[in-house]
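First up is the structure itself, then whatever we jot down about it.
The values are calculated or read from the model by the stated rules, or taken from the named source; none is laboratory data. Only a predicted model underlies this, so the values are computations on that prediction, with no experimental measurement involved. Every residue, glycine among them, receives a Cβ derived from its backbone with ideal geometry; neighbour counts consider all protein chains shown. We work out accessible area using only protein heavy atoms, side chains counted, and drop any ligands, DNA or RNA first. Shrake-Rupley method; radii C 1.70, N 1.55, O 1.52, S 1.80 Å.
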Amino acid sequence: MHFVHRVRTIWSWLPAFRAVAEAEHLPTAAQELGIVPSSLSRTVKQVEDELGIPLFDRTSKALVLNQAGRTLLIAVREAMRIVDDALGAAVGDDLVGHVGAVASSDLVHAVLIPAGASLAATHPSLALSALAAGSADIPEILLRGDADAAVISRAIPAHADLRVTELATWSRGVYARTARTGGAEHRCVVVGTPTEPLDDGWPHDVERRIAAWAPDERAALELCALGDLVTVACDAVVQRCGFAGRLVKLPDPQISTRTLHLVQRRAVGRHRRTEALVEAIRTAATAVD
């Protein structure tokens with residue numbers, strides 16, 4: 001029964017350890033928990049003393065979570081999630097409370113907002129928090145538990161605690177404003193930054209000139225709606241962004257389809273709130289006119 005004693009001993013310290021492990025910065029974690037950094041430092045040291053191993057690599061300026069610390073952090077995150085689910089089930093309805101989803105800003109509007117409307121209709125006691133973030137930030141948002149699912153259109157690094165499944169395949173095209181007066185030259189708005197590789201499906205054998213960069217497809221479409229520019233966008237984003245009446249899809253060049261993926265944390269047990277969220281996301285992603 002030694003393991004029971006050990007878990008009972010460190011149980012109350014685990015939320016503090018999690019805060020420090022995620023922030024890797026004592027003042028930030030202390031502010032989040034509303035305590036002083038010195039108290040938080042003592043708590044982390046108590047966990048390490050009880051386990052008999054360091055959980056952080058300490059330098060003069062930083063705390064860096066080591067492999068043992070990462071292993072414990074993963075377990076603490078999942079344990080807290082399981083307890084939260086059990087609390088919902090204990091009061092008689094585990095479809096009460098909040099669920100979170102994250103995506104790029106254009107996919108928030110094209111997928112997560114319709115999914116939220118669906119949840120409001122089918123599960124009125126379940127509220128969706130829709131977050132906008134770049135692909136690089138999405139894995140950590142999911143692992144921290146700040147969101148339960150993500151919709152991505154660009155690859156993210158593989159992670160043992162994240163599960164990626166195909167969600168939908170969306171058609172794409174080149175869009176310009178309806179009253180475009182430009183000639184044959186393609187002056188394009190590209191999603192991304194000049195330091196990123198181009199990833200919009202534009203054919204290599206078709207010339208274009210990059211006239212502007214935009215943070216997402218919605219912003220690129222708005223730029224095109226205001227001037228004689230073109231951009232590559234998913235048809236579903238155009239339909240749902242409010243610019244459809246001001247934009248026209250050009251017959252050429254032809255653009256390849258884009259596949260959307262759903263990302264979730266590795267599940268331990270059944271999480272009905274997440275299941276309801278995923279169902280709503282799948283419905284929204286596939287219900288494209």
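Per residue, the accessible area of the chain comes to 52 Å² when a 1.4 Å probe rolls over the protein heavy atoms. Once the chain from residue 120 to residue 62 is taken as fully extended at 0.36 nm per residue, the excess over their C-alpha distance is 16.5 nm. Split the accessible area of the range 208-289 by element, probe 1.4 Å, and carbon with sulfur accounts for 50%. Based on Cα contacts under 8 Å between residues 6+ apart, the chain shows a relative contact order of 20 percent. From its DSSP helices (H runs of at least four residues, each -39,500 (n - 2.57)), the chain gives a residue-normalised ellipticity at 222 nm of -12000 deg cm²/dmol.
Could you work out how much longer the chain between residue 283 and residue 74 gets when fully extended? Use 0.36 nm per residue separation minus the Cα distance between them, nm to one decimal. Kindly include the intermediate steps, with their values, before the conclusion.
Numbers: separation 209, 0.36 × 209 = 75.24 nm, distance 3.02 nm.
Using 0.36 nm per residue and subtracting the Cα-Cα distance, I get 72.2 nm.
Karplus-derived 3J(HN,Hα) values for the range 5-21, using 6.51 cos²θ - 1.76 cosθ + 1.60 with θ = phi - 60°, are 4, 5, 5, 4, 5, 8, 3, 6, 8, 5, x, 5, 4, 4, 4, 5, 5 Hz; glycine and proline are entered as x. The alpha carbon radius of gyration of the chain, expressed as a multiple of 2.2 N^0.38 Å, is 1.22.
Here the accessible area is traced with a 1.4 Å probe on the protein chains. For the range 117-166, carbon and sulfur cover 54 percent of it. Here the extension length gained between residue 35 and residue 249 equals 71.4 nm, from 0.36 nm per residue of separation less the Cα-Cα distance.
For the range 98-168 versus the range 214-243, the inter-centroid distance based on Cα atoms is 22 Å. Using the Karplus relation 6.51 cos²θ - 1.76 cosθ + 1.60 with θ = phi - 60°, the per-residue 3J(HN,Hα) values for the range 151-157 come to 10, 10, 10, 10, 5, 10, x Hz, with x marking Gly and Pro.
Rounded to the nearest 5, the antiparallel percentage of DSSP beta bridges internal to the chain is 60%. Per the 1.4 Å probe, what fraction of the accessible area of the range 30-113, in percent, lies on carbon and sulfur atoms? For the range 30-113, the apolar C and S fraction of the accessible surface comes to 60 percent.
Highest mean packing comes first when the peptides 113-121, 54-62 are listed by Cβ atoms within 10 Å, giving 113-121, 54-62.
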